[in-house]
Amino acid sequence: MGLLLLVDLDGVVYRGADPVPGVAAVLADRAARGDDIVYVTNNSMHYRADYQNRLAAMGAPVSPNTVVSSARATAVYLQEHDPAIRRVLVLGAGGLERELRDMGYDVVTAGAAATRMSQEGIDGFAAAGRPDAVVVGLDPNLTYARLVVANDSIRAGAHFIATNRDPVYPTERGLRPGAGSLVIALEASTGVVPVSIGKPEPYLLEAAAHAVGRQPGEAIMIGDGIATDLAGARAVGARCVFMLTGVTTRAEVEALPIDEQPIAIAADAAELAAALQRLAEG
């Protein structure tokens, strides 16, 4: 059986709008050798077809089932761990709504509930139709009223699920507030700590491995974040090949304790290819 590669996207396959040179070709070569490749991202804003189109255009090997975002993994988590849930309030973007609807959930958007709350003079829980769960991702159209709807629903007993806890979101114009910033606000106002799905928690990588019929402990995580990719790999007992093409320097990785070090460090696509070949032969 080939390797199972769980591949982070931003900072590994591409940086912002630009592909990281050579990485898509390395992954295509590994797929041709029989490796299973699944892409994972904490970003909950986009639907998986958007990633599929972008990756295919770069020449990366991809199918609809091999892109698992925190939005997709959240829908899988609810189905597997919370089967009584039917109606879900979403404070997030369109991709998160679509992934949950794909799994058959009755999705209420925080925007629609906020409008109803204002028009009818009712609380947010009633305005959202008494949802069973509140799922929070990054909402680029965030308003105070949307936060109120989520707050009221969590306080009324709806299950609180965070797609991820990344406090910042990298953009071409610098770091902006991430999903974790919204989660922290709701945690502070409700006193409830949510279940979090994205890296470094295990659920995203579990869903990614299961998408191709494998176990997460078999995986090699290819990532560029110490607190997300490397920590997430450790959480599921996976190995990690650490890329220096994103947010972390070699000195930061080498300063980690020995038992927290990745199995290999790669500065570019050629070093990634060599590291994966060594692991395949090992």
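The values are calculated or read from the model by the stated rules, or taken from the named source; none is laboratory data. None of these values were measured; they are calculated from a predicted model. Because the Cβ atoms are built from the backbone with ideal geometry, glycine has one as well, and the counts that use them run over all protein chains shown. For the accessible areas, the whole protein counts, side chains as well, though only heavy atoms, and no ligand, DNA or RNA atoms are used. Shrake-Rupley method; radii C 1.70, N 1.55, O 1.52, S 1.80 Å.
Worth pointing out:
- Between the residues Pro216, Leu205, Ala255, the greatest Cα displacement towards the positive end of the dipole of the range 198-257, with unit charges on the Cβ of Lys, Arg, Asp and Glu, is found for Pro216.
- Rounded, prolate or oblate (a/c below 1.5 giving rounded, otherwise prolate when a/b exceeds b/c) for the range 151-282 by Cα gyration tensor: prolate
- Gyration tensor verdict on the range 1-81 (Cα atoms; rounded if a/c is under 1.5, prolate if a/b is larger than b/c, oblate otherwise): oblate
- The range 5-162, dipole about Cα centre (Lys/Arg Cβ +1, Asp/Glu Cβ -1), debye to the nearest 20: 140
- Per atom type, the range 219-272 shows carbon and sulfur on 55% of its accessible surface, probed at 1.4 Å.
- Amide H contacts under 5 Å for Val20, placed H, 5+ residues apart: Tyr14, Arg15
- Surface per residue (accessible, 1.4 Å probe) for the chain, Å²: 42
- Each residue of the chain gets 124 Å³ once the volume of the Cα convex hull is shared out per residue.
- Charge tally in the Cβ shell below 14 Å around Gly2, where Lys, Arg are +1 and Asp, Glu are -1, Gly2 excluded: -2
- The range 79-212: C-alpha gyration tensor shape, a/c 1.5 cut-off, then a/b vs b/c: oblate
- Size of charge dipole - the chain - debye, nearest 20, with Cβ of Lys, Arg +1 and Asp, Glu -1, no other charges: 480
- Degrees, to the nearest 10: 179-190 long Cα axis against longest axis of the chain: 40
- Net charge, Met45 excluded, C-beta distance under 14 Å - Lys, Arg +1, Asp, Glu -1: -1
- Whole-Hz ³J(HN,Hα) from phi, Karplus 6.51 cos²θ - 1.76 cosθ + 1.60, for the range 83-96, glycine and proline x: x, 6, 6, 10, 9, 10, 8, 10, 9, x, 9, x, x, 5
- Between the range 97-164 and the range 54-80, the alpha-carbon centres lie 24 Å apart.
- Relative contact order [Cα under 8 Å, 6+ residues apart], the chain, whole percent: 19
- Bridge type composition, the chain - antiparallel percent by DSSP, nearest 5: 15
- Net charge contributed by nearby residues that have their C-beta within less than 13 Å of Leu100 (K/R +1, D/E -1): 0
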